[in-house]
Amino acid sequence: MTQTNARSLSASAILAMFLLASCAERIAIAPLAQQPPSASPATDAELKRVRCEVDVRSKHLACGTGAPLGAASADYIVGGQGAYVQLASTNVSYDAGAQTLSADVTLTNLLPDALGTIDGTTLSSTGVRVFFESEPVLTSGSGSVYVQNPDGTGTFTESNQSYFQYSQVLASNATSAAKRWQFHVPASATFEFYVYVSAAVQSRLVITEIMANPQVAADASGEWMEIYNAGRAAVDLAGWAIASNSGQSHTITPNATTCGSSGCSVIVAPGGYVVLGNNRTTSSNGGVPVDYQWPDGTGAAQINLANSNASEFVAIVSPGGIEIDRTTWGSTSIIPNGISVCLTSTSADNSTLTSPTWQQSTSAWSGSGGDKGSPGAANAGCGSAPAAGSVKTVTVSPSTFALTVGETHQYTATGRDSVGTAASTTFTWTIDDPSIATINASTGVATGVAAGTTTLHATSANGIIGSATISVSQSFSSAVYRNNLEFGTPTDADGSDDIIITRPQYALSYNSARGVPNWVSWNLNKTHFGAAARCDCFAPDPLLPPGAKVVVTGDYTGSGYSRGHMVMSEERTTTNAENQTTFYTTNVLPQYQDLNGGPWLRFENYNNDLARLGNKELYVISGGTYTASPATLNNAGKVQIPSYTWKIVVVLDSGKTLANVATTSDLQVIAVSMPNVLGISGQQWQSYITTVDAIEAATGYDFLASLPDAIENAVEGAPYVPPAALIPMQGPPVAPLRLAPLSMRGAMRP
């Protein structure tokens, strides 16, 4: 393999080797735990090839371990069937006249990262390719055997290798659509072949260090930031962008000015770092080893890292426009002079610099002349700084904030010692006038009570006080909320993972282990729609009890998943405070945007039209369905990703309740279950109609239990039949994907 080809593959591809096992059913394999990235060759055990033998007469395929791979594959991560990927075949057949053996083959991604994409969303041009090491070889019989219908030929380990291409993004534990493989082979023959996978792998780039206020060099020469590659494949940053506040953005374009004429590239190896900054000339930037400078000599936008702007941020954006990582300052007092701020762990939450996961660097680098930091290297000094002294100052964030009556807001406080180092302490929260607003003494969550202005205080354990101003205005809601649990509180066999939260706008069961709601239940009618703007203010739920897992919006950043509302923002728009309640993370599930903005949105709009235009009263329950070993956002183990999201809607005439239900003709029940996958943005919601019984079987919850038994049994077992005008005309409904039980593992026979 040429050096150029090896480089292009290692910069964007993860390669897995596997066998093709003939089987009658799709095999579902739980995803592997995240493995630490490594730039070294795979172990000998991982380099074992798998030899596959096919008997045309019996349409039987058997595979076993072959010889180790040669040095040509040392650049790649490789592994056997069931390790990184899983191939499964169905509908194996043989046409004796055409001498064609055919099989429908699917590919399951067992990695914790998506395949066929570098940002988790945008499909790469090459998708996921299955390469044949060489054409199949007859082991008995006479004639010739070859791949009959390849999508093309390319270079993987050799030249002119046949491949099949799966042009779709494969999320962790997702299975591709079936592709028809065909071999030209004589009857009564046997043959063997070897196959590999080549695919772009989802990038895991993390902002790990920021120098926003250098002292040895001026800001215009000495500002820089560091990016770490937490993924398993190298990332070529050419075409990526760095974004900052006030619309600043710079697309990384390697050239002689930006990164030097000698071997100009910006490739981040797995487990490696790259430094981006204002100036790559060490004689004028304080000795910083900048790999790439964003001023490119063409007058293009330059990134300026503000020293005193609380809303300042830096973000990494993929060529497809997907934001992979973002760090926001969050305060005007956290940028030290001549000292970088560094992330204590590359897996820590880095969304806000005010978080204790960010610390000040403690050692100078060579040639810095006194500035402290560790550009381009592990942040060894981060988290190992001398113990901070006692708290001397307390800063409350935000310093001013406006609430409406009934609205809540989370305040934070930071204590620092005499030299500005963040000091660990606890805070007690108080407020001057509780008739205007109240505040939780331990959590800092404020709630508007009546119109007016008052001051809140955070007092550290050693008595140092920080303060902030809060103003409250009156906001009247015209919304009429009926019982959000009108048809019963959903229950299952284990109530220990149900943290029940109720508010006028909805009720929910929060699962602290999963980091998501088990279910959300709400009433919907035409009085719930108004002119309030969408707040886009995702925040932790202030009603969570102490000790519950708190999910922040940064947990979703860079994951490739949208923050999918259960209660839609539009459904609570009579006041700003009402809308805000829909942005608590307890009301959110991870959803691919193809689902969230596709059939899920279409079903939401259909329900909204029933309420607003159809004058109907709706009672809605929604949630997710999970595999036995769900993947988690950014593989952090904090927020589990559902394989399906479902919704149950009880439709009555306006103002009606359970008391008005005497027969099945008094209500309609619509149940849908939609796969949380890419590639379904164009599907209609009617394609995913199911029954309440099916959702109960998948979740273990009992729904609509307050209905009379005869009515409950009838409506839960019958799928909704939409009016003819709603049936999509593009063809028969597409059946939802069904997961095979996890117990179905191992070799399958035809």
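The values are calculated or read from the model by the stated rules, or taken from the named source; none is laboratory data. Just so we're clear, the structure is a prediction, and the values are computed from it rather than from any experiment. Every residue, glycine among them, receives a Cβ derived from its backbone with ideal geometry; neighbour counts consider all protein chains shown.
Structure summary
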{"read-out": "Answer from Ala548, Ala532, Ala468, Ala507 - the residue that is closer than 17 Å to Val567 by Cβ and at pLDDT below 95", "value": "Ala532"}
{"read-out": "Subset of the range 272-290 that is touching a Pro at 6+ places or on another chain (Cβ under 8 Å) and among the aliphatic types (A, V, I, L, M) - its residue that is nearest to Val206 (Cα to Cα)", "value": "Val275"}
{"read-out": "Condition broken by Asn173, with the remaining ones in (1) touching a Pro at 6+ places or on another chain (Cβ under 9 Å); (2) surrounded by fewer than 18 Cβ atoms within 10 Å (Cβ to Cβ) satisfied", "value": "(2)"}
{"read-out": "Filter pass, Ala532 being surrounded by 20 or more Cβ atoms within 10 Å (Cβ to Cβ) and more than 25 Å from Val551 (Cα to Cα)", "value": "yes"}
{"read-out": "Subset of the range 229-244 that is part of a loop (DSSP other than H, G, I, E, B) and either in contact (Cβ under 8 Å) with a residue 40 or more places away in the chain or not small (Gly, Ala, Ser) (or both) - its residue that is nearest to Cys264 (Cα to Cα)", "value": "Leu237"}
{"read-out": "Residue count, the range 555-585 (criterion: under 30 Å from Ala241 (Cα atoms) and in a loop (DSSP other than H, G, I, E, B))", "value": "7"}
{"read-out": "Residues being touching a residue at least 60 places away in the same chain (Cβ under 8 Å) and buried (at least 21 other Cβ atoms within 10 Å of the Cβ) - total across the range 535-556", "value": "3"}
{"read-out": "Single unsatisfied condition, His409 versus (1) in contact with a Phe, Trp or Tyr (Cβ under 7 Å, 6 or more places away or on another chain); (2) surrounded by fewer than 15 Cβ atoms within 10 Å (Cβ to Cβ); (3) touching a residue at least 24 places away in the same chain (Cβ under 8 Å)", "value": "(2)"}
{"read-out": "Near pairs, Cβ below 8 angstrom, 6+ apart or cross-chain, from the range 671-700 (charged (D, E, K, R)) to any residue that is surrounded by 21 or more Cβ atoms within 10 Å (Cβ to Cβ) and assigned to a loop (DSSP other than H, G, I, E, B)", "value": "Glu696/Phe703"}
{"read-out": "The range 324-349, residues that are within 20 Å of Ser562 (Cα to Cα) and modelled with pLDDT of 90 or more", "value": "Ile324, Asp325, Arg326, Thr327, Thr328"}
{"read-out": "Hey, Ile439 in the same structural domain as Tyr556 (by TED's automatic domain parsing), crowded, with 17+ Cβ neighbours inside 10 Å and more than 30 Å from Asp666 (Cβ to Cβ) or not", "value": "no"}
{"read-out": "Single unsatisfied condition, Glu158 versus (1) acidic (Asp, Glu); (2) buried (at least 16 other Cβ atoms within 10 Å of the Cβ); (3) at pLDDT below 90", "value": "(2)"}
{"read-out": "Exclusive hit being more than 30 Å from Val56 (Cα to Cα) and among the charged types (D, E, K, R), set Glu158, Glu226", "value": "Glu226"}
{"read-out": "Single residue of the range 586-631 satisfying the filter (in contact with a Ser or Thr (Cβ under 9 Å, 6 or more places away or on another chain) and assigned to a helix (DSSP H, G or I)) that is surrounded by the fewest Cβ atoms within 10 Å (Cβ to Cβ)", "value": "Gln593"}
{"read-out": "Test: residue in the range 472-480 that is buried (at least 20 other Cβ atoms within 10 Å of the Cβ), at pLDDT 95 or above and not β-branched (Val, Ile, Thr)", "value": "no"}
{"read-out": "Filter pass, Thr557 being under 28 Å from the mean Cα position of the chain (by Cα) and more than 28 Å from Asp693 (Cβ to Cβ)", "value": "yes"}
{"read-out": "Residue match in the range 525-544 (condition: in a helix (DSSP H, G or I), in contact with a Lys or Arg (Cβ under 8 Å, 6 or more places away or on another chain) and not assigned by TED's automatic domain parsing to the domain that holds Thr443)", "value": "yes"}
{"read-out": "Verdict on Ser521 being closer than 14 Å to Phe703 by Cβ and touching a residue at least 60 places away in the same chain (Cβ under 8 Å)", "value": "yes"}
{"read-out": "Tabulated pairs, the range 558-569, first free of Cβ contacts under 8 Å to residues at least 24 places away in the same chain, second buried (at least 23 other Cβ atoms within 10 Å of the Cβ), C-beta under 8 angstrom, 6+ apart or interchain", "value": "His565/Thr582; His565/Asn587; His565/Val588"}
{"read-out": "Breaking point among (1) in a loop (DSSP other than H, G, I, E, B); (2) touching a residue at least 60 places away in the same chain (Cβ under 8 Å); (3) within 30 Å of Thr108 (Cβ to Cβ), for Asn634", "value": "(1)"}
{"read-out": "Matching option when the condition is surrounded by fewer than 18 Cβ atoms within 10 Å (Cβ to Cβ) and in contact with a Ser or Thr (Cβ under 6 Å, 6 or more places away or on another chain), among Ser246, Ser284", "value": "Ser284"}
{"read-out": "Flag for Thr122 being within 30 Å of Ile680 (Cα to Cα) and modelled with pLDDT under 85", "value": "no"}
{"read-out": "Subset of the range 205-264 [in contact with a helix residue (DSSP H, G or I) (Cβ under 8 Å, 6 or more places away or on another chain), of a type in the set (S, T, N, Q) and modelled with pLDDT of 90 or more]", "value": "Asn213"}
{"read-out": "Subset of the range 458-476 that is more than 30 Å from Thr574 (Cβ to Cβ) and among the small types (Gly, Ala, Ser) - its residue that is farthest from the chain's Cα centre (by Cα)", "value": "Gly463"}
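Listed here are the residues, each with its yes/no results for (1) outside any loop (DSSP other than H, G, I, E, B); (2) within 16 Å of Trp519 (Cβ to Cβ).
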position: Leu652; (1), (2): yes, no
position: Ala662; (1), (2): no, no
position: Ala671; (1), (2): yes, yes
position: Ala697; (1), (2): yes, yes
position: Leu704; (1), (2): no, yes
